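One structure is given here, and the rest of the page talks about it.
The values are calculated or read from the model by the stated rules, or taken from the named source; none is laboratory data. The model shown is predicted, which means the values in this text are computed figures rather than measured ones. Neighbour counts are summed over all protein chains in view; Cβ atoms, including those assigned to glycine, are modelled from backbone coordinates with ideal geometry.
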Amino acid sequence: MVALVALAWLAGCAPTTVSPMVMRLGPGHPDQSLLQAGLRSGPRLSAPLAARFDSTQPFAGNGASFSPQQWSIAYDFAVQKPLTEKLALHLGVNGEIYYPLPLPGYGVYLGLSSWYGTPTFGVAPSVVVRGATDFGIDTRGGPGSIFGAETSLAIYASPEERVCLGIVPFLGIHRVFSQNERATPLFYGAAAVVQLPLGRVDQFELSGGAGRVKAPGEKGWNSPILGGRWAR
């Protein structure tokens, strides 16, 4: 019930940037794709631009890190498909609910990752490109459209089978459009990730951390990173 209330309160949203977009903790299965689905949070990079022409959407920076104008929760669906023993393709879709019309999948990302080390300890770098839009709808923190790229490096350890721990620093650069305004903010930070077994074949992933948004000429702000995803 609490989760439903929170989602309803955040409904009608400009695009949310859910970083790090790829969190690969280990080699994965060389012959099977990994499916993930859940909820993740991040900043609305269009919030400072929207505040310039809409006085009802004040931008407070660090004074309101959890404000729905500049932070939100999004659905996240992802597929990790092995291409070789080390290389994997990542495809993700983000979606939010704009009441009363559902608009799933307003954002997509596509990337590649590899891994180096052993199945119990190593690193997994990735690079991703993404795009997202709220279709020009007058939403919280918007309207906004985003195109960008991100790189991350997962540092992982697997103390036992199907249990993984990791730290994932990331750096993204995005081109943001809102009405006639333009900006190119950086979003960088790190997330801690835990993957635990859920039944015989499934896993559950928890992530948490923080990022910093900084654009030339704009007041930067910190953004909490929270997430929970099912995986198979």
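Contact annotation: residue pairs with Cβ atoms under 8 Å, 6 or more positions apart or on different chains, pairing a residue in region 79-103 that is farther than 21 Å from residue 41 by Cα with a partner that is of a type in the set (Asp, Glu) and at pLDDT below 95, are 82/31.
Can you tell me which residues in region 191-208 are without any contact (Cβ under 8 Å) to a residue 24 or more places away in the chain and either closer than 12 Å to residue 41 by Cα or touching a strand residue (DSSP E or B) at 6+ places or on another chain (Cβ under 6 Å) (or both)? It would help to see each step written out before you state the result.
Restricting attention to region 191-208, the residues satisfying the condition of being without any contact (Cβ under 8 Å) to a residue 24 or more places away in the chain are 199-200, 206, 208.
Those that are without any contact (Cβ under 8 Å) to a residue 24 or more places away in the chain and either closer than 12 Å to residue 41 by Cα or touching a strand residue (DSSP E or B) at 6+ places or on another chain (Cβ under 6 Å) (or both): 206, 208.
Yes/no per residue for (1) over 17 Å from residue 201 (Cβ atoms); (2) among the polar types (S, T, N, Q); (3) assigned to a loop (DSSP other than H, G, I, E, B):
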residue: 17; (1), (2), (3): yes, yes, yes
residue: 21; (1), (2), (3): yes, no, yes
residue: 27; (1), (2), (3): yes, no, yes
residue: 30; (1), (2), (3): no, no, yes
residue: 37; (1), (2), (3): no, no, no
residue: 45; (1), (2), (3): yes, no, yes
residue: 48; (1), (2), (3): yes, no, no
residue: 51; (1), (2), (3): yes, no, no
residue: 58; (1), (2), (3): yes, no, yes
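To keep it simple, each residue is scored yes or no on (1) part of a strand (DSSP E or B); (2) surrounded by 19 or more Cβ atoms within 10 Å (Cβ to Cβ).
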position: 126; (1), (2): yes, yes
position: 135; (1), (2): no, no
position: 152; (1), (2): yes, yes
position: 157; (1), (2): yes, no
position: 170; (1), (2): yes, yes
position: 174; (1), (2): yes, yes
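Among the residues that make up region 180-197, is at least one of them touching a helix residue (DSSP H, G or I) at 6+ places or on another chain (Cβ under 7 Å) and not hydroxyl-bearing (Ser, Thr, Tyr)? Yes, that holds for at least one residue.
What about residue 166, is it in contact (Cβ under 8 Å) with a residue 60 or more places away in the chain and surrounded by fewer than 16 Cβ atoms within 10 Å (Cβ to Cβ)? It is false that residue 166 is in contact (Cβ under 8 Å) with a residue 60 or more places away in the chain and surrounded by fewer than 16 Cβ atoms within 10 Å (Cβ to Cβ). Take region 176-207 and flag every residue that is in a loop (DSSP other than H, G, I, E, B), surrounded by fewer than 17 Cβ atoms within 10 Å (Cβ to Cβ) and not charged (D, E, K, R). 179, 180, 184, 199, 201 - these are the residues of region 176-207 that are in a loop (DSSP other than H, G, I, E, B), surrounded by fewer than 17 Cβ atoms within 10 Å (Cβ to Cβ) and not charged (D, E, K, R). For region 92-124, filtered to residues that are crowded, with 22+ Cβ neighbours inside 10 Å and among the aromatic types (Phe, Trp, Tyr), the residue that is modelled with the lowest pLDDT is 106. Pairing residues of region 213-224 that are modelled with pLDDT under 90 and assigned to a loop (DSSP other than H, G, I, E, B) with residues that are surrounded by 14 or more Cβ atoms within 10 Å (Cβ to Cβ) and basic (Lys, Arg), at Cβ distances under 7 Å and at least 6 apart in sequence or on separate chains, gives 220/212.
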